[in-house]
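Undergrad: Here it is: the structure, laid out below.
The values are calculated or read from the model by the stated rules, or taken from the named source; none is laboratory data. Bear in mind the structure is a predicted one, so any value in this text is a computation, not a measurement. Glycine gets a Cβ as well: all are built from the backbone with ideal geometry, and neighbour counts include every protein chain shown.
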Amino acid sequence: MNFSNIDWLLIGEATFDTLLMTGFSLLFTVLIGLPLGIILFLSGKGQMLHNPAVYQVLSFVVNVLRSVPFLILLIVMIPMTRVLAGTSLGVQGAIPPLVASAAPFFARLVENVLRELDPGVSEACRAMGANSRQTVLMALLPEATTGIVAAVIVTAIALVGYSAMSGVIGGGGLGDLALRFGYQRYQTDVMIVTVAILVVMVQILQVFGDRWVAKLNRK
Amino acid sequence: MIRLNNVTKTYESTGRVAHALAGVSLHVRQGEIFGIIGRSGAGKSTLIRMLNLLERPTRGEVWVSGKDITRLGEGQLREFRRKVGMVFQHFNLLRSRTVLDNVCFPLKLAGASKAQQRERAYEVLDLVGLAGHESKYPRQLSGGQQQRVGIARALASRPELLLCDEATSALDPETTQSILRLLLDINRRLGLTIVLITHGMDVIRAVCDKVAVMDAGRIVESGDVMDVFLHPEHEVTQSLLSESGVDAEGWRDMAQSVPGRLLRLSFRGETTTQPILSRITRELGLNVSILQGAVSRIKDVPYGQLVIAIQGDALEQDKLDALLAGEGVRYEVLRA
């Protein structure tokens, strides 16, 4: 194996692109998925704003988005991506499908974290005269912080993997590089380097995330 | 203070109707400690949740402080709940917040300023004996201390009524006693009405003025704790009493082998410590044997109950009556 032919500048750029894609996707995923998860939780059975219609509809949408393979979602979403991001290519073009795929996933995780909380906390809040907004903002979310942070880390790692897949339709980043050079031009060295960088990224996310969770848990 | 009129609560699931409460009426006076006892599933937890409407009755009225709270709108109900403290079996504290923040929580909901919140929180934490623990997190405290935080939180918004949902059931006996003493102290110092539910007669005996015994969604017996302890009528009451060591029926096993009349004497207050048996033997010339007996206290009042067999040639009923009545001892004849 000879690594001397590798264009390190290109790899650097691709790494940066992957970070951009993952970062922005994660941001929008949390912005959309967190409220969605809270609504799923609140409208669920036996909860404060129990509403079977809302729950069923949201749950169905979430399930559909989660069951469509990401590669298919990428392609199906191209027209919508053009409207949302102005292009279906590059870093910008990858973000809408990444968010569409990760937000429902993250919302489910948030819903589960909230459901796992001791129902006694909600009951105590009601008994103290809190409305549902106050209960969620002042009690449930603070209590769920550790679980939600863990969910963000899991989602971030999933996004790193998905972002690589968006290379298939010209999404840019490390996945794009691995596909074009590593696969189509048989440059195994490029393939190995990109995979190694992805592994390191995921490792850093996990270690950093675990530390953060542990720190929150120590409270 | 509290009046429940024929309250029922039914749950429907897959066509079957379950009665959690099957027509409960209840009256609690201002400043009283009212205990509700029953086995699990008797409906006591549903009943206590009727008092702040965490559960809505299917039918019936719930009057608290002169208002039928079942008629309050959502906003009014939240306002009302702020004036009713509640303490839970598993404390239900916010684990992510400090003791101080937990106690400030209800005050924050009520819109008090930061300074007011802190001032009141320090005050109630001092009252429950937790001064100096303000910046700790719940997990750093023992169970008893966590329940004290729960009580402080319940008292923070100066309620007129405190509801205790099995507040001592998750605690060891010693801690239970200290929490019960705290509740008694709060009741006396603040004149707060307390309604508590429990499955232990010891809790009732230690703090309550009145007791209601529940079984299968109904109140089967209620009244002054002393009366219920000395003359339990319903079998559930009797078995709950015997489980906590107050066995009223143990004499029956021995009665066969003992000749003479059997009497049950009930003492309360000062008569408990009077030398009544020796007066019966000396003044009436009767032989007395004790088949069963208990002397204890309900809150601060001593009470006792003795089952005795009396033998003697010349049993003069009038004199015995006069002697016992003179001492203020009530008795019933178990066997003539």
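Undergrad: Considering the stretch B:76-129 alone, what residues qualify as being under 27 Å from B:Leu171 (Cβ atoms) and either among the aromatic types (Phe, Trp, Tyr) or in contact with a Cys (Cβ under 6 Å, 6 or more places away or on another chain) (or both)?
TA: Those that are under 27 Å from B:Leu171 (Cβ atoms) and either among the aromatic types (Phe, Trp, Tyr) or in contact with a Cys (Cβ under 6 Å, 6 or more places away or on another chain) (or both): B:Val87, B:Phe88, B:Phe91, B:Phe105, B:Ala121, B:Tyr122.
Undergrad: Say whether the condition of being surrounded by fewer than 21 Cβ atoms within 10 Å (Cβ to Cβ) and among the polar types (S, T, N, Q) is met by at least one residue in the stretch B:186-197.
TA: Among the residues of the stretch B:186-197, at least one is surrounded by fewer than 21 Cβ atoms within 10 Å (Cβ to Cβ) and among the polar types (S, T, N, Q), which makes the answer yes.
Undergrad: Okay, next question. Return the residue satisfying two criteria in turn: it lies in the stretch A:57-96 and is among the β-branched types (Val, Ile, Thr) and touching a helix residue (DSSP H, G or I) at 6+ places or on another chain (Cβ under 6 Å), and of such residues it is nearest to A:Thr15 (Cα to Cα).
TA: Among them, the one singled out is A:Val91.
Undergrad: Here's a follow-up. Going through the stretch A:110-132 one residue at a time, which ones are within 11 Å of chain B (Cβ to nearest Cβ) and farther than 16 Å from B:Leu54 by Cβ? Break it down into steps so the answer makes sense when it comes.
TA: Initial filter on the stretch A:110-132 (within 11 Å of chain B (Cβ to nearest Cβ)): A:117-132.
Hit for the stretch A:110-132 is A:Leu117, nothing else.
Undergrad: Could you please let me know if A:Arg180 is surrounded by fewer than 18 Cβ atoms within 10 Å (Cβ to Cβ) and within 14 Å of chain B (Cβ to nearest Cβ)?
TA: No.
Undergrad: Considering only the stretch B:302-311, I want to know if a residue exists there that is without any contact (Cβ under 8 Å) to a residue 40 or more places away in the chain, of a type outside the set (Gly, Ala, Ser) and exposed (fewer than 12 other Cβ atoms within 10 Å of the Cβ).
TA: For the stretch B:302-311, residues without any contact (Cβ under 8 Å) to a residue 40 or more places away in the chain, of a type outside the set (Gly, Ala, Ser) and exposed (fewer than 12 other Cβ atoms within 10 Å of the Cβ): absent.
Undergrad: Taking the condition of being over 13 Å from B:Asn102 (Cβ atoms) and surrounded by fewer than 18 Cβ atoms within 10 Å (Cβ to Cβ), how many residues in the stretch B:123-143 meet it?
TA: Within the stretch B:123-143, residues that are over 13 Å from B:Asn102 (Cβ atoms) and surrounded by fewer than 18 Cβ atoms within 10 Å (Cβ to Cβ) number 7.
Undergrad: How about the stretch B:91-200: which helices (runs of 4 or more DSSP H) wholly inside it have at least 2 residues that are within 12 Å of chain A (Cβ to nearest Cβ)? Please lay out each step first, then the result.
TA: Details: elements: B:99-109, B:114-127, B:143-156, B:173-190.
Ranges flagged: B:99-109, B:143-156.
Undergrad: Identify, by number, the condition in (1) surrounded by 22 or more Cβ atoms within 10 Å (Cβ to Cβ); (2) part of a helix (DSSP H, G or I) that A:Ile192 doesn't meet.
TA: (1)
Matching residues to (1) without any contact (Cβ under 8 Å) to a residue 60 or more places away in the chain; (2) in the same structural domain as B:Asn6 (by TED's automatic domain parsing); (3) more than 22 Å from B:Ile179 (Cα to Cα):
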position	(1), (2), (3)
B:Arg71	yes, yes, yes
B:Glu74	yes, yes, yes
B:Leu77	yes, yes, yes
B:Lys83	no, yes, no
B:Phe88	no, yes, no
B:Thr98	yes, yes, no
B:Leu109	yes, yes, yes
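Here is a yes/no grid of residues against (1) assigned to a loop (DSSP other than H, G, I, E, B); (2) touching a residue at least 40 places away in the same chain (Cβ under 8 Å):
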| site | (1), (2) |
| --- | --- |
| A:Asn5 | yes, yes |
| A:Glu13 | no, no |
| A:Thr18 | no, yes |
| A:Thr22 | no, yes |
| A:Ile32 | no, yes |
| A:Ile38 | no, yes |
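Undergrad: Follow-up question, since we're still on this one. Select from the stretch A:81-102 the residues that are out of contact with any Asp or Glu (no Cβ under 6 Å at 6 or more places or on another chain), of a type in the set (A, V, I, L, M, F, W, C) and under 26 Å from A:Ala151 (Cβ atoms) and write down the one among them that is modelled with the lowest pLDDT.
TA: Here the residue is A:Ala85.
Residue by residue, here is whether (1) surrounded by 15 or more Cβ atoms within 10 Å (Cβ to Cβ); (2) of a type in the set (Val, Ile, Thr) holds:
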site	(1), (2)
B:Arg29	no, no
B:Ser40	no, no
B:Met50	yes, no
B:Leu54	yes, no
B:Val62	yes, yes
B:Gly75	no, no
B:Phe88	yes, no
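Undergrad: Go through the stretch B:151-182 and count every residue that is surrounded by fewer than 23 Cβ atoms within 10 Å (Cβ to Cβ), touching a residue at least 60 places away in the same chain (Cβ under 8 Å) and in contact with a helix residue (DSSP H, G or I) (Cβ under 7 Å, 6 or more places away or on another chain).
TA: Qualifying residue count, the stretch B:151-182: 2.
Undergrad: Still on this structure, please answer the following. Given the conditions (1) modelled with pLDDT of 90 or more; (2) away from chain A (no Cβ under 14 Å); (3) within 21 Å of the chain's Cα centre (by Cα), report the number of the one that B:Ile48 does not fulfil.
TA: (2)
Undergrad: Based on this model, can you work out whether B:Phe80 counts as buried (at least 17 other Cβ atoms within 10 Å of the Cβ) and in a loop (DSSP other than H, G, I, E, B)?
TA: No; evaluated as a whole, the condition is false for this residue.
Undergrad: Sort through A:Phe41, A:Phe28 and tell me the only one that's touching an Asp or Glu at 6+ places or on another chain (Cβ under 6 Å) and at pLDDT 90 or above.
TA: Step by step, each of A:Phe41, A:Phe28 is checked, and only A:Phe41 is touching an Asp or Glu at 6+ places or on another chain (Cβ under 6 Å) and at pLDDT 90 or above.
Undergrad: Helices (runs of 4 or more DSSP H) wholly in the stretch B:230-295 with at least 1 residues that are more than 25 Å from B:Ala325 (Cβ to Cβ) and modelled with pLDDT under 85 - which ones? Walk me through how you get there before you give the answer.
TA: Details: elements: B:235-243, B:251-255, B:276-284.
Filter on the stretch B:230-295 gives B:235-243, B:251-255.
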